[in-house]
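Working notes, beginning with the structure itself.
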């Protein structure tokens with residue numbers, strides 16, 4: 001399978017490198033091509049995966065890449081986060097989300113799909129287990145991220161301090177509202193806590209891609225690219241990594257100098 005070059009406009013050359021695409025679908029296609037290229041280069045690649053509304057188009061395009069011949073049989077995946085207190089079978093769980101939108105359509109082997117267990121009786125032990133499984137896999141080669149309107153990545157919420165490793169987190173009301181669609185549209189039904197990879201876990205990935213689309217993300221994206229490092233905007237810590245690509249549609253890039 002050929003590796004396709006991105007067709008967006010590069011407006012930021014250093015890491016984080018920023019590429020702007022005409023629309024969300026074009027950004028999703030470009031990211032799916034990048035992932036397919038990574039699999040072609042290393043069939044045993046370890047990929048970190050996000051959830052939420054933004055990656056839906058990306059997962060559709062990744063399924064299309066599989067239909068064109070991308071082979072996921074040796075790929076290992078780690079999901080970034082999961083809600084606390086709901087079983088994997090719950091329709092609002094991120095495991096259910098991933099099964100619906102990706103895993104039932106591609107040939108990632110079940111034993112190579114890694115999730116946090118939101119119903120673990122010992123949450124601290126569960127977080128340690130996840131870190132150990134990431135380490136046993138050799139670390140994450142390519143971490144895909146979305147971003148919340150408050151700058152969270154994974155479920156690392158703005159706070160006076162950020163946890164380094166996989167941990168339990170209390171979700172903000174804004175984040176719970178953003179996930180209400182998974183729970184019948186009712187914010188009150190969204191679990192108040194979640195488990196998430198920590199900032200160091202994310203930053204230890206060999207390469208990171210942040211996908212952001214829509215005008216609601218524009219102000220946040222501008223601060224991620226140009227603003228100071230601050231725990232009040234967890235995604236700003238991506239500036240510390242030497243291989244970050246930020247893939248945007250035009251509305252998400254609207255506040256960046258040089259955007260189309």
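No lab work stands behind these numbers, since they all come straight from the coordinates. Model, not experiment: these values are computed from the prediction. Glycine also receives a Cβ, built like all others from the backbone with ideal geometry; neighbour counts cover every protein chain displayed.
Here are the numbers:
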| item | result |
| --- | --- |
| Unique residue being closer than 30 Å to residue 215 by Cβ, more than 15 Å from the chain's Cα centre (by Cα) and touching a residue at least 24 places away in the same chain (Cβ under 8 Å) when the list is 138, 146, 151, 92 | 92 |
| Residue within the range 152-173 that is at negative phi and in a helix (DSSP H, G or I) present | yes |
| Cβ pairs under 6 Å, 6+ apart, first in the range 213-237 and within 16 Å of residue 20 (Cβ to Cβ), second part of a helix (DSSP H, G or I) | 213/24; 224/235; 224/236 |
| Checking residue 43 against (1) closer than 22 Å to residue 202 by Cα; (2) part of a helix (DSSP H, G or I); (3) free of Cβ contacts under 8 Å to residues at least 60 places away in the same chain, the condition it does not meet | (2) |
| Selection within the range 108-133 - out of contact with any helix residue (DSSP H, G or I) (no Cβ under 7 Å at 6 or more places or on another chain) and under 27 Å from residue 70 (Cβ atoms) | 108, 109, 110, 111, 112, 130, 133 |
| Test: residue 156 is closer than 30 Å to residue 227 by Cα and surrounded by fewer than 22 Cβ atoms within 10 Å (Cβ to Cβ) | no |
| The range 61-79, residues that are within 17 Å of the chain's Cα centre (by Cα) and over 13 Å from residue 35 (Cα atoms) | 78, 79 |
